[in-house]
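Please read the structure below before turning to the comments.
Coordinate-derived values only; no laboratory data. Worth saying up front: this structure is predicted, and the values here are computed from it rather than measured. Quick reminder, even Gly has a Cβ in these numbers, built from the backbone with ideal geometry, and neighbours come from all protein chains shown.
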């Protein structure tokens, strides 16, 4: 009879070591994730604090508006404080997300915005910019006029340079919609 030989099976898979470059990428990704989480938390806390201030201002403004009905007397200093609070509340309610999305999505290959100034009390937006040429400026104006979040978009002034290749400077005024 033949003798049986002992079989030696090794079912474990040999693991390859993580190369140093892979480890560096892993650590960089983990660090970036932690940083993003901290920034998100910070932004959330800042927004929460702003909302708390806004809620307090709205509550105070509501109190002032109904003070005459309750027979309470308001001093001129308190009235001025409430007007200031209402102005700040209006500025906090500026729909920056929508406005910036409209401005950033514009075809601005040959247009440069130099300033963006909101007037929250009138829901107006003043833009100052430069365009490559007059036609590009008009295209940009047409684009803004076609946006659903903006109303009464008008060109308030423009200055065409006499030197060839100089940009056209312009000013645009627009009103934004309340939603």
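How far is helix 76-92 tilted off the main Cα axis of the chain, in degrees rounded to 10, range 0 to 90?
Between the helix axis and the principal axis of the chain, the angle is about 50 degrees.
Could you give the alpha-carbon Rg of the chain over 2.2 N^0.38 Å, rounded to two decimals?
This ratio for the chain stands at 1.93.
Report, in degrees rounded to the nearest 10, the 0 to 90 angle that the Cα long axis of helix 20-65 makes with the longest principal axis of the chain.
It is inclined by approximately 30 degrees.
Each label point is 7 Å from the Cα along the Cα-to-Cβ direction; what then is the distance between the points at residue 117 and residue 2, in nm?
9.9
Helix 134-145 sits at what angle to the longest principal axis of the chain, using alpha carbons and giving 0 to 90 degrees rounded to 10?
On a 0 to 90 degree scale, this one is about 90.
If you build the Cα gyration tensor of the range 96-176 and take the root of 5 times each eigenvalue, what three semi-axes come out, in whole angstrom, biggest first?
22, 13, 10
Which value at 222 nm does the chain reach when only helices count, each DSSP H run of 4 or more adding -39,500 (n - 2.57), with the total divided by all residues and rounded to the nearest 500 deg cm²/dmol?
About -16500 deg cm²/dmol.
Running Debye on the range 21-92 with equal point scatterers at the Cα sites and no solvent, what base-10 log of I(q)/I(0) appears at q = 0.13, 0.18, 0.20 Å⁻¹?
-0.56, -0.77, -0.85
When ranked by the protection proxy of mean other Cβ atoms within 10 Å per residue, highest first, what sequence do the peptides 128-136, 95-103 form?
Ranked from most to least packed, the peptides come out as 128-136, 95-103.
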